[in-house]
Amino acid sequence: MLDFSDFDTRGYRTVDVATGYGQWVTTYEDTVEDVMDLALLDELTVPPWREVRRTADLGCGTGRTGAWLRRRGVTGTLDGVDLTPGMLRKARAKGVHDRLLEGDVRATELESGAYDLVISSLIDEHLPDLRPFYQEAWRLAAPGAHCVVVAFHPHFIMASGMPTHFTDASGEHVAISTHVHLLSDHVSAGLGAGWRLAEMREGVIDDRWLERKPKWEKYRHHPISAALVWHREGD
Ligand SMILES: C[S@@+](CC[C@H](N)C(=O)[O-])C[C@H]1O[C@@H](n2cnc3c(N)ncnc32)[C@H](O)[C@@H]1O
């Protein structure tokens, strides 16, 4: 496994996930870029969103992913899990989930075999090892289910030397514990858990990004995020 410290060019102070998102929560939705994840979700041809009856939203955060699902026509039951209480409070206020549980995505209290969609957006870099995540998604999945993962692209972490980070109330840039996963780590962990890869998209730094971050011209056309859609064959 690769160690982020080999690529770190920023040297920001690093905090754990719950501490980091507990502080970032006040500005999170103003700073996260929809083009990173929601634009990729918009491009997917599977799963058939409108047919989804029960969704597990792992690492649901403030409910951004859940709100996108509702806009996309997912009308069934939507359960979210996250380990940061402050993020869950925001999600509760948003009101798009049916249930919100505080817990770890690698060992949730959700029911086995009950979900025809498991989705997880922008959390993979916080997991040291992807295998427990894909195994837990498999445990939750009903026959015929899809699992959608949006990841922070390893190329961008390496090329920019930048961890997931935020700016705290004092103006300090603070990193949240970041791990580098090659795309083959995702493929190995997903296949190893039983999933079949059904679709994959990569998002690159394009004009939409550069409008927001002109200083990133040097990264034009570098991949920054990836969406993987996994399928569990019906029994
Ligand atoms: C970048 S936010 C993404 C939130 C939401 N999915 C979105 O796209 O806006 C990452 C979230 O993952 C959560 N998280 C990270 N590691 C986790 C874990 N092992 N178990 C549960 N939640 C986790 C954090 O608390 C945070 O709310």
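Readers should treat all values here as calculations from the given coordinates under stated rules, not as data from a laboratory. No experiment lies behind these values; they were computed from the predicted model shown. FYI the Cβ positions are ideal-geometry reconstructions off the backbone, even for glycines, and counts take in every protein chain you see.
Quick check on Asp8: is it in contact (Cβ under 8 Å) with a residue 60 or more places away in the chain, assigned to a loop (DSSP other than H, G, I, E, B) and charged (D, E, K, R)? Taking the combined requirement at face value, the residue satisfies it.
Applying the condition of being among the charged types (D, E, K, R) and surrounded by fewer than 24 Cβ atoms within 10 Å (Cβ to Cβ) to segment 49-64 and asking which residue is nearest to the ligand (Cβ to nearest atom) yields Arg64.
Conditions tested, residue by residue: (1) within 9 Å of the ligand (Cβ to nearest atom); (2) in contact with a helix residue (DSSP H, G or I) (Cβ under 8 Å, 6 or more places away or on another chain); (3) in a loop (DSSP other than H, G, I, E, B).
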{"position": "Thr14", "(1), (2), (3)": "no, no, no"}
{"position": "Thr19", "(1), (2), (3)": "no, no, no"}
{"position": "Gly66", "(1), (2), (3)": "yes, yes, no"}
{"position": "Arg70", "(1), (2), (3)": "no, no, no"}
{"position": "Val74", "(1), (2), (3)": "no, yes, yes"}
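Mind listing just one residue for me: the one in segment 107-137 that is surrounded by 18 or more Cβ atoms within 10 Å (Cβ to Cβ) and of a type in the set (D, E, K, R) and, of those, farthest from the ligand (Cβ to nearest atom)? Looking at the filtered set, the residue picked out is Asp116.
Taking the residues in segment 21-43 that are over 17 Å from Ala67 (Cα atoms) and surrounded by 17 or more Cβ atoms within 10 Å (Cβ to Cβ) as candidates, determine which candidate is farthest from the ligand (Cβ to nearest atom). Residue satisfying both the conditions and the ranking: Gln23. Every listed requirement among (1) of a type in the set (Gly, Ala, Ser); (2) within 14 Å of the ligand (Cβ to nearest atom); (3) buried (at least 23 other Cβ atoms within 10 Å of the Cβ) is met by Ala141 save one, (2). Answer yes if at least one residue in segment 196-214 is touching a Cys at 6+ places or on another chain (Cβ under 8 Å) and surrounded by 12 or more Cβ atoms within 10 Å (Cβ to Cβ), and no otherwise. No: zero hits.
When segment 78-88 is filtered for residues that are in contact with a strand residue (DSSP E or B) (Cβ under 9 Å, 6 or more places away or on another chain), of a type outside the set (Val, Ile, Thr) and within 11 Å of the ligand (Cβ to nearest atom), the ones remaining, listed by number, are Gly80, Asp82, Leu83, Pro85, Leu88. Among (1) under 16 Å from Arg232 (Cα atoms); (2) part of a strand (DSSP E or B); (3) within 15 Å of the chain's Cα centre (by Cα), which single condition is Val81 missing? Going through (1) under 16 Å from Arg232 (Cα atoms); (2) part of a strand (DSSP E or B); (3) within 15 Å of the chain's Cα centre (by Cα) one by one, Val81 breaks only (1). Here segment 97-106 is the region considered, the condition is being under 18 Å from the mean Cα position of the chain (by Cα) and either surrounded by fewer than 20 Cβ atoms within 10 Å (Cβ to Cβ) or away from the ligand (no atom under 12 Å from the Cβ) (or both), and the residue that is nearest to Gly86 (Cα to Cα) is Glu102. Scan segment 22-40 for residues that are outside any loop (DSSP other than H, G, I, E, B) and more than 13 Å from Glu125 (Cβ to Cβ) and the total you get is 12.
Here Gly59, Gly22 are screened, and the one residue that is in contact (Cβ under 8 Å) with a residue 24 or more places away in the chain and farther than 28 Å from Met200 by Cα is Gly22.
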